[in-house]
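One structure is given here, and the rest of the page talks about it.
We did not get these values from a lab; they are worked out from the coordinates using the rules stated. Remember, predicted model here, so these are calculated numbers, not experimental data. For neighbour counting, all protein chains shown are included, and Cβ atoms are generated from backbone atoms with ideal geometry for every residue, glycine included.
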Amino acid sequence: MSSSKSKKRTNSRSKKLSDSSSSSSSSSNKKPKKSTTKKSSTEPKTLLQKEFPALAKLIRNEKNHISETEGKSLEQILGHKDFKEVKIMPEKEVLTEIEQVFVQAAFSILQGKGLQFSLPSRSKNNQEYVPEVNRLVLKTTVETMMKRNFAHSSESQKTAIMTRVLDLVYHVLKQGIHVTKRDLFYSDVNLFKNQRQSDSMLDDVAVMLGCTRSSLHVVASEKGVVIGQLKFVEAGDVIDCTKMGVGAKGIPPHLDKVTNIQSDAEFILLVEKDAAFMRLAEDRFYNKYKCIIITAKGQPDVASRMFLKRLKMELKIPVLALVDSDPYGLKILSVYMSGSKNMSYDSGSMSTPDIKWLGVLPSDLDKYEIPDDCRIPMTQADIKQCDDLMKEEFVSNNKSWIKQLKIMKRTKQKAEIQALSTFGFKYLTDVYLPRKLKEGDWV
């Protein structure tokens, strides 16, 4: 009897353990339910982005943007070789190209054809805007190639200058140094006559060799400056652009020595003029609104354009531009974006696409009630420049730009950035720019 009860208790305990194990096994096989609360991938992460939702959206779009053309050659994008495209070359490769040019020149002389060079023409008629890459490029077909022959009286001086420039560049590269365009000019003043001759020939040499002008190690003097949330290493020295006082760091002309770019900036503010830049620097605008501020003090130089391009590509942050409300301010902005006709052969390394025109917009003159005595009547030259801009394919494709240019032409009024100072010297940094950023008022 006792044995029977013990057996029942054992069986009962085994069954409970079995049921418990089965229940546990069944529970473990069930997939956990997904949370119904979705985490938004577009939720602003910084205080600045929370306060400025339009800017937050622009930043997200820039971070998520994947360019279909970045890193591809023009031939890969367009499917033909009708356009000239240069590339950044190391010293040894440029030296090899120069040596090959002189070998070909020697063969030409031995064949009785005289000293001659073959290269694409950089004339205005040989420039073309290509919408697929949204910039100007240089055509290079059989019809657009030209020969520079020493035997022809009209070409003898240019051929001699080209030969001398090739020689000077070769020795600069051999020494592993950089020189300025002014240094190059003074190397043979009697031959060059004026610096325009040597400067123009540098571009011809770069096109002929197929390299960027910076690859020749001949640079312009420092012009552009930068300040703000940016650190980088230049020739082994750590540069902190937040610790420049109320001044700024000159944009180095030899960008091949710039490495390890770091930044927590939310955007880049591109400023046309030095006067506005100084106001922003002194007010430490870049600390309150985490950004990098750049100016080329007017017409942009090569180093400033290349530096801006590099920052945008490496940091993946948007660029907002502050220029005068006149045709020339917009022309300067278009050079940053699509390149210049003079250097269309190198537009790939210098053009920064999709810069937002933040101000001063022609529509801002009424919106911010700029007084009439701070507005400047447009001249006939201004109106012509405005018409010419609207005819350019790069501009005509942007409906928002056309709308603003039409306002400018209709009112026949223009204004400088400094016109905002009529409301106070700090109006630009305390009111105008914060309001523009908050409203997302850019085109």
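Of the Cα atoms belonging to the chain, the radius of gyration and Dmax stand at 30.6, 132 Å. Across segment 220-439, the volume of the C-alpha convex hull divided among the residues equals 121 Å³ per residue. Computed from point charges on the beta carbon alone (+1 for Lys and Arg, -1 for Asp and Glu), the dipole magnitude for segment 80-219 about its Cα centre is near 280 Debye.
So what is the relative contact order of segment 80-219, in percent, for Cα pairs below 8 Å that sit 6 or more residues apart? Kindly include the intermediate steps, with their values, before the conclusion.
Values: 175 pairs, mean separation 45.6, N = 140.
Relative contact order here is 33 percent.
Summing Lys and Arg as +1 and Asp and Glu as -1 over all other residues whose Cβ lies under 13 Å from the Cβ of ASN149 gives a net charge of +3.
Please report the orientation-averaged projected area of segment 110-201, defined via the convex hull of its C-alpha atoms, in nm².
8.6 nm²
Taken over segment 244-348, the percentage of Cα pairs per 5 Å bin, counting from 0 up to the bin with the maximum distance, is 2, 11, 22, 25, 23, 12, 4, 1. One Cα centroid belongs to segment 271-307, the other to segment 149-180; the line between them spans 36 Å.
In this calculation the C-beta distance from ASP430 to ALA381 is compared with R0 = 30 Å, giving a FRET efficiency of 0.30.
Place a +1 charge on the Cβ of each Lys and Arg in the chain and a -1 charge on the Cβ of each Asp and Glu, then give the dipole magnitude about the Cα centre in debye, rounded to the nearest 20. Walk me through the numbers on the way to the answer.
Details: 72 positive and 54 negative charges, 726 e Å.
With Lys and Arg at +1 and Asp and Glu at -1, about 3480 debye.
Counting alpha carbon pairs within less than 8 Å and at least 6 residues apart, what relative contact order, in whole percent, applies to the chain?
Values: 640 pairs, mean separation 63.7, N = 443.
Dividing the mean separation by the residue count of the chain yields 14 percent.
Computed from phi, the 3J(HN,Hα) profile of segment 120-135 under the Karplus parametrisation 6.51, -1.76, 1.60 (θ = phi - 60°) reads x, 6, 9, 5, 4, 5, 9, 9, 9, 7, 10, x, 4, 10, 6, 7 Hz, with x in place of Gly and Pro. Can you run phi through the Karplus equation (6.51, -1.76, 1.60; θ = phi - 60°) for segment 306-322 and list ³J(HN,Hα) in whole Hz, with x for Gly and Pro? In residue order, the calculated couplings are 5, 5, 4, 4, 5, 4, 5, 5, 7, 8, 6, 10, x, 10, 10, 10, 10 Hz. Look at the dipole of the chain built from charges on Cβ: of ILE251, ASN190, SER108, the Cα furthest out on the positive end belongs to ILE251.
Averaged over residues, the count of other Cβ atoms within 10 Å places the peptides 264-272, 307-315, 113-121 in the sequence 264-272, 307-315, 113-121, highest first. Cα extents for segment 387-438 along the principal axes, largest to smallest and rounded to whole angstrom: 37, 24, 14.
The coefficient of translational diffusion for segment 157-199, derived via Stokes-Einstein from the alpha carbon Kirkwood radius under 4 °C and 1.567 mPa s, stands at 124 µm²/s. When you count the other C-beta atoms within 10 angstrom of each residue and take the mean per peptide, 320-333, 377-390 line up highest first as 320-333, 377-390.
Simple rule: put +1 on each Lys or Arg Cβ and -1 on each Asp or Glu Cβ in the chain, find the dipole, and look at ALA321, THR212, VAL302; the Cα lying farthest toward the positive end is ALA321. Computed from backbone phi, the HN-Hα couplings of segment 152-168 come to 8, 4, 6, 10, 4, 5, 4, 5, 5, 5, 5, 4, 5, 5, 4, 5, 5 Hz, rounded to whole numbers (Karplus: 6.51 cos²θ - 1.76 cosθ + 1.60, θ = phi - 60°; Gly and Pro given as x).
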